[in-house]
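These notes are about the structure you will find just below.
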Amino acid sequence: MELMTRNEAWNITYRHALGETASYFYTEIRDNKKIFGRRCATSGRVLVPPRAFSDQTLKPTTDWVEVGPGGVIEAFTMVYEDFQGLPPPPYAFGYVMLDGADTALGGFFRGVDLSNSAEAAKKLAVGTRVTTKFAEKRIGDVLDFWFEIAG
Amino acid sequence: MPLNRRIGVIGSAISVPAEPNGQSLEELLYELVQSALRDAHLTIDDIDGIIVAANDQYDGRAIAVMAASGSVGGVDRDILSTPSASDHAFVMGVLRVATGQYRTQLIVSWSPTEVHSIAEAQRLAADPYFHRRLPLDDMASFSLQASVLDSKVAGAEQIAADFNASRGSVGSHQAKRSLISDGMSSPPVTGAVALIVADADFIAEHGMKNIAWLKGMGWATETGFLGDRDLSTAPALEAARDQAYGEAGITDPRHAFNALEIADPTPYQSLIVLDVLGISKRADWEKDIAAGAFAPGGKLNFNPSGGARAANPVFCTGLRSIVEAANHVRGAASSQAEFALAHAASGFAMQYHGVFIFGTQN
């Protein structure tokens with residue numbers, strides 16, 4: 001007997017409210033090429049990306065703090081898997097502790113040859129200094145900025 | 001089996017913004033939980049564990065607990081998720097306290113409206129083998145249920161219309177499903193609910209007053225295959241009812257409760273539930289409607305909160321009914337009650353049922 005299968009595609013779209021805090025963050029990136037975090041007055045930590053509250057202290061954050069554009073790689077990976085809606089692989093992304101921040105921001109790394117992953121890994125080693133670059137055309141999105149090795 | 005500990009609701013909060021206010025879901029949950037903690041005069045450090053319930057398809061985030069943990073105070077704390085139903089989060093929270101390993105639990109559920117179509121999101125609950133290609137969502141399943149009820153009870157369509165009219169107008173809304181006429185249902189709205197339960201020793205140690213003591217609790221589930229069911233009945237509700245009534249010692253349900261908070265996605269579902277709960281049997285529907293028993297301020301004090309018919313945060317309506325019933329007992333609602341019943345239903349044609357009974361006396 002024939003064993004059948006079914007193809008299914010989930011075509012569901014969402015319109016997520018970002019809230020005041022994330023909206024300000026992306027507006028500053030889009031309009032001024034600046035990255036801001038929010039300070040938790042209780043702990044003193046500057047949270048990047050910014051949040052309206054600290055999930056450690058459960059207190060509202062109190063003030064905006066500009067961070068970066070320089071920073072240090074905290075973690076990295078190179079991805080050779082194809083993801084929908086992203087440029088063709090490979091790509092490198094990771095987390096960068098921007099100067100003045102206490103939490104690391106996720107973003108893409110560019111300017112590193114990923115054809116040899118071992119060599120690329122040396123260039124993206126944890127602790128490497130990077131700087132933030134901004135796209136010419138910005139829409140208020142994670143893809144508006146990326147990190148490159150400082151130098 | 002009765003719970004081996006006395007457990008009460010000591011704090012709660014409901015957030016159903018009248019209009020979209022631009023808040024992110026995480027910000028809404030943070031404010032909600034802080035409000036519930038204030039209501040209980042506690043801080044997050046007093047909470048031994050957290051249970052959340054949400055629907056990934058509505059949220060647009062897989063594994064709700066991952067996104068919500070920061071907002072509800074779950075970072076570095078005990079937090080679990082029950083994606084099946086919002087009232088199941090309450091069940092799990094209560095059972096955890098009943099084990100004796102926890103004294104308090106925070107229970108949170110939410111239901112955003114950020115998906116372009118709630119109907120399409122609900123359709124994903126259908127199995128991909130036999131049902132996914134059907135236009136099946138909650139409201140369609142309620143309409144199917146209405147058609148069966150109408151075939152079993154003479155004049156059910158008119159009874160449902162009269163029942164709806166007796167509750168007053170809530171404005172126009174087209175369900176776009178047969179037998180569910182204009183104004184019988186409400187459009188989905190964003191909402192979130194939080195409550196805190198504690199055991200009797202904790203409550204006594206903190207000198208807390210105005211407690212909604214849980215007197216009985218039952219929950220049960222039917223088959224997912226609608227074609228296997230008689231949709232005019234609710235055997236899972238019978239099982240849940242027997243469990244809850246047995247624990248609470250309810251023998252005369254029609255006269256036992258001062259307030260009812262019952263699932264009301266459409267009047268057909270409420271009528272089925274009222275029948276099975278023994279509060280208004282089928283033979284009494286027309287008489288009770290004519291007597292205004294379901295009207296605001298009526299003899300049965302049916303859904304004094306307005307229920308889902310007034311505002312419909314789809315996924316968390318069950319937990320909201322629990323909070324509303326508890327608030328009647330706590331004196332935190334407009335309607336004060338010594339004994340209140342909350343009923344929760346979810347899934348296609350009310351696949352899941354929960355019955356919860358609260359009282360003022362420990």
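Structure above, values below:
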{"quantity": "Highest-first arrangement of B:183-191, B:154-162, where packing means the average Cβ count within 10 Å", "calculated": "B:183-191, B:154-162"}
{"quantity": "Helix-derived mean residue ellipticity, 222 nm - over the protein assembly as shown, DSSP H n ≥ 4, -39500 (n - 2.57), to 500", "calculated": "-8500 deg cm²/dmol"}
{"quantity": "Burial order of peptide ranges A:135-143, B:124-132 (average beta-carbon count within 10 Å, highest first)", "calculated": "B:124-132, A:135-143"}
{"quantity": "P(r) of the protein assembly as shown over all Cα-Cα pairs, binned every 20 Å from zero, in whole percent", "calculated": "21, 47, 26, 6, 0"}
{"quantity": "Long pairs among B:Lys152/B:Lys176; B:Lys215/B:Lys287; B:Lys209/B:Lys299, criterion Cα-Cα beyond 25 Å", "calculated": "B:Lys215/B:Lys287; B:Lys209/B:Lys299"}
{"quantity": "5 angstrom amide H check on B:Leu80, placed H, neighbours 5+ away", "calculated": "B:Ile50, B:Ile51, B:Val52"}
{"quantity": "Set of lysines with alpha-carbon distance to A:Lys123 below 26 Å, sequence-local pairs under 8 removed", "calculated": "A:Lys33, A:Lys34, A:Lys133"}
{"quantity": "Number of partner chain Cβ atoms within 10 Å, mean per residue of A:47-53", "calculated": "3"}
{"quantity": "Hydrodynamic radius by Kirkwood, which averages 1/r over all alpha carbon pairs of region B:226-343, in angstrom", "calculated": "14.6 Å"}
{"quantity": "3J(HN,Hα) from dihedral phi, region B:80-95, Karplus parametrisation 6.51/-1.76/1.60, rounded to Hz, x for glycine, proline", "calculated": "10, 10, 10, x, 6, 6, 5, 5, 5, 5, 5, 4, 5, x, 5, 5"}
{"quantity": "Convex hull per residue volume in Å³, alpha carbons only, for region A:19-149", "calculated": "115 Å³"}
{"quantity": "Nearest-20 debye value, region A:19-149 charge dipole, Cβ charges on Lys, Arg, Asp, Glu", "calculated": "260 debye"}
{"quantity": "Compactness of region A:56-95 as Cα Rg over 2.2 N^0.38 Å, two decimals", "calculated": "1.81"}
{"quantity": "Signed unit charges on C-beta, dipole axis of region A:19-149, positive-most listed residue A:Ala120, A:Val142, A:Met97", "calculated": "A:Met97"}
{"quantity": "Shape parameters for region B:118-190, alpha-carbon atoms, Rg then Dmax in Å", "calculated": "13.9, 42"}
{"quantity": "0 to 90° range, to nearest 10: angle between helix A:19-32 axis and chain A longest Cα axis", "calculated": "90 degrees"}
{"quantity": "Relative contact order [Cα under 8 Å, 6+ residues apart], chain A, whole percent", "calculated": "20 percent"}
{"quantity": "Euclidean distance of C-alpha centroids, region B:252-279 and region B:119-159, integer Å", "calculated": "20 Å"}
{"quantity": "Chain B - Rg and Dmax from Cα coordinates, angstrom", "calculated": "19.2, 57"}
{"quantity": "Residue-by-residue Karplus 3J(HN,Hα) for region B:273-279, coefficients 6.51, -1.76, 1.60, Hz, glycine and proline x", "calculated": "5, 4, 5, 5, 6, x, 8"}
{"quantity": "Normalised contact order of chain B, rounded percent, pairs of Cα under 8 Å and 6 or more residues apart", "calculated": "22 percent"}
{"quantity": "Inter-chain Cβ neighbour average for residues A:1-8, partner chain, 10 Å", "calculated": "1"}
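Computed from the coordinates by the stated procedures, all read-outs in this text should not be read as laboratory data. Fair warning: this is a prediction, and the values are worked out from it, not measured in the lab. Virtual Cβ from ideal backbone geometry, glycine too; neighbours counted across all protein chains shown.
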